[in-house]
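Reading through the structure tokens given below for one structure.
The values are calculated or read from the model by the stated rules, or taken from the named source; none is laboratory data. Quantities reported herein were computed from a predicted structural model and do not represent experimental measurements. Positions of Cβ are generated from backbone atoms using ideal geometry, with glycine treated the same way; all protein chains shown enter the neighbour counts.
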Amino acid sequence: MSSLRVLVFITLFIKIGAQTGDDVKHLITQLFTTNDYVKQVRPNRNQLQPMILDLDFFLVGIDEVDELKQRLITTGYLIIGWTDEYLNWTGADFGELNHLYVPQTDIWMPDITLKNGFTKLEKLGSSFIKAKVESNGQVTWMPFEVFESKCTIDITYFPYDQQSCNIIFVVWSSSVADVMVTLWNNGIKLDSMEDNAEWSVVSTSARENVQASESTVIFTLNLKRSSNYYLMNIIIPIILLSILNLFTFALPADSGEKMGYCITVFLSFAVFLTIVSSELPKTSGSILGYYLMFQLGMGTFVVCCTTVELRLHHRNGDVPVAIIRIMKCRNVNKITKMEHQNETESEQGITWSDVVSSLDVVLFWVSTAMVIVATIAFLGLLWTR
Ligand SMILES: *[C@@H]1O[C@H](CO)[C@@H](O)[C@H](O)[C@H]1NC(C)=O
């Protein structure tokens with residue numbers, strides 16, 4: 001859609017606003033044949049002066065942010081302007097013709113390129129793109145590209161992450177004494193920007209940089225991921241499953257359902273994680289990844305506890321005194337009353353089944369506390385950044 005728009009834009013530009021076709025022919029003969037234009041010569045009459053390039057970057061769309069390959073793919077075009085001192089004429093001599101379109105291969109072009117590119121270093125534009133030349137020698141060139149640039153992507157706060165990516169343009173061969181690139185406007189132009197479903201642009205900036213006689217312009221794109229999809233499809237279902245997991249301890253051991261229930265929850269967790277892992281960035285180290293590990297660990301913990309509980313539940317024989325003492329400590333008030341009645345411990349009729357149900361209560365609250373603390377810590381880390 002957007003590339004179409006640019007193509008239409010370029011096609012409109014090709015139309016020559018001259019009075020007659022002969023004027024254009026004469027002008028082209030004058031500029032390129034009579035004046036003997038040599039495109040290898042940097043068009044400064046005084047070669048001690050550097051050629052100043054003005055650069056603007058129009059972002060058309062963000063195509064992809066690849067966490068695994070650490071790259072950003074954007075579609076956009078540059079507007080590069082400079083003055084070609086060999087391409088000037090007096091408009092009156094050519095029927096008030098004051099601009100001309102020439103293929104980019106016919107005139108001098110700066111060797112500007114994407115410095116942090118992902119694919120091999122290539123010249124910008126293509127032979128069908130034309131540059132606009134005005135009668136005062138001002139050349140405007142708009143190469144349209146899909147830029148693949150390197151970008152370090154940190155997924156610690158996924159899916160509430162923000163990424164900052166640089167798109168760096170450099171004058172490759174020429175030194176800063178020969179060709180220098182400067183900014184036309186500040187920042188990236190977003191006028192023709194198409195929305196991306198996952199990423200939105202928070203802010204942009206641009207700066208010029210001259211380092212070791214290399215002239216660069218650095219455009220910075222700050223991107224924010226829209227997290228709603230991940231909240232709805234990953235985070236909330238996991239929290240709900242973890243609540244189901246806790247309620248294993250609310251089922252009485254007699255019911256015979258306890259083991260089946262907790263294994264079902266564990267399995268649905270495992271199946272869900274398999275689905276979810278395809279949605280996650282394939283890089284490790286995100287807080288969400290650690291939280292998923294914690295939840296899986298909790299699932300294992302609940303299954304193990306349930307197994308032990310069921311084993312105890314079906315045990316015959318007396319409950320050891322030590323365990324009864326521990327249970328007494330938990331219910332100090334009740335036990336104090338019992339002690340007044342002066343009964344011996346074994347006569348109080350505490351069975352393994354009672355031990356298991358008090359264990360259930362303890363484990364329920366302990367696991368609830370663990371899940372709540374971990375979930376608050378997890379959401380807090382994501383949301384308060
Ligand atoms: C073109 O520009 C140069 C200076 O850059 C000037 O000397 C020359 O007269 C100009 N030619 C025309 C036809 O205006």
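Observations on the model:
- Here segment 61-93 is the region considered, the condition is being within 13 Å of the ligand (Cβ to nearest atom) and polar (S, T, N, Q), and the residue that is farthest from residue 220 (Cα to Cα) is 90.
- Residues that are closer than 18 Å to residue 109 by Cα and free of Cβ contacts under 8 Å to residues at least 60 places away in the same chain, drawn from segment 170-194: 170, 175
- Boolean, residue 32 is assigned by TED's automatic domain parsing to the domain that holds residue 173, under 29 Å from residue 182 (Cβ atoms), surrounded by fewer than 20 Cβ atoms within 10 Å (Cβ to Cβ) and touching a residue at least 60 places away in the same chain (Cβ under 8 Å): yes
- Selection from segment 109-150 of residues that are more than 21 Å from residue 99 (Cα to Cα) and of a type in the set (Lys, Arg): 115, 120, 123, 150
- In segment 126-142, the residues that are more than 21 Å from residue 23 (Cβ to Cβ) reach residues that are among the polar types (S, T, N, Q) and more than 16 Å from the ligand (Cβ to nearest atom) with C-beta atoms within less than 6 angstrom, at least six apart or across chains, in these pairs: 127/105; 129/104.
Residue-wise test of (1) within 27 Å of the chain's Cα centre (by Cα); (2) more than 22 Å from residue 313 (Cα to Cα); (3) in contact (Cβ under 8 Å) with a residue 40 or more places away in the chain.
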| site | (1), (2), (3) |
| --- | --- |
| 224 | yes, yes, yes |
| 228 | yes, yes, no |
| 238 | yes, yes, yes |
| 242 | no, yes, yes |
| 246 | no, no, yes |
| 257 | no, no, no |
| 260 | no, no, no |
| 267 | no, yes, no |
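- Candidate set: segment 120-129, residues that are among the hydrophobic types (A, V, I, L, M, F, W, C) and more than 21 Å from residue 43 (Cα to Cα); chosen: the one nearest to the ligand (Cβ to nearest atom): 128
- Applying the condition of being within 15 Å of the ligand (Cβ to nearest atom) and in a strand (DSSP E or B) to segment 37-60 and asking which residue is nearest to residue 156 (Cα to Cα) yields 52.
- Residues that are surrounded by 18 or more Cβ atoms within 10 Å (Cβ to Cβ), closer than 29 Å to residue 44 by Cβ and touching a Leu at 6+ places or on another chain (Cβ under 9 Å) within segment 159-179 comprise 167, 169, 170, 171, 179, listed in sequence order.
- Inter-residue pairs, beta-carbon under 7 Å, first among the acidic types (Asp, Glu) and in segment 85-104, second within 12 Å of the ligand (Cβ to nearest atom), 6+ apart: 85/43; 85/44; 85/45; 85/137
Residues checked against (1) surrounded by fewer than 18 Cβ atoms within 10 Å (Cβ to Cβ); (2) farther than 30 Å from residue 283 by Cβ; (3) within 16 Å of the ligand (Cβ to nearest atom):
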| position | (1), (2), (3) |
| --- | --- |
| 97 | no, yes, yes |
| 114 | no, no, no |
| 118 | yes, no, no |
| 131 | no, yes, no |
| 138 | yes, yes, yes |
| 149 | no, no, no |
| 156 | yes, no, no |
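- Unmet criterion (only one of (1) touching a residue at least 60 places away in the same chain (Cβ under 8 Å); (2) among the β-branched types (Val, Ile, Thr); (3) surrounded by 15 or more Cβ atoms within 10 Å (Cβ to Cβ); (4) over 30 Å from residue 284 (Cα atoms)) for residue 20: (3)
- Odd one out for residue 107, checked against (1) within 26 Å of residue 230 (Cα to Cα); (2) of a type in the set (Val, Ile, Thr); (3) within 16 Å of the ligand (Cβ to nearest atom): (1)
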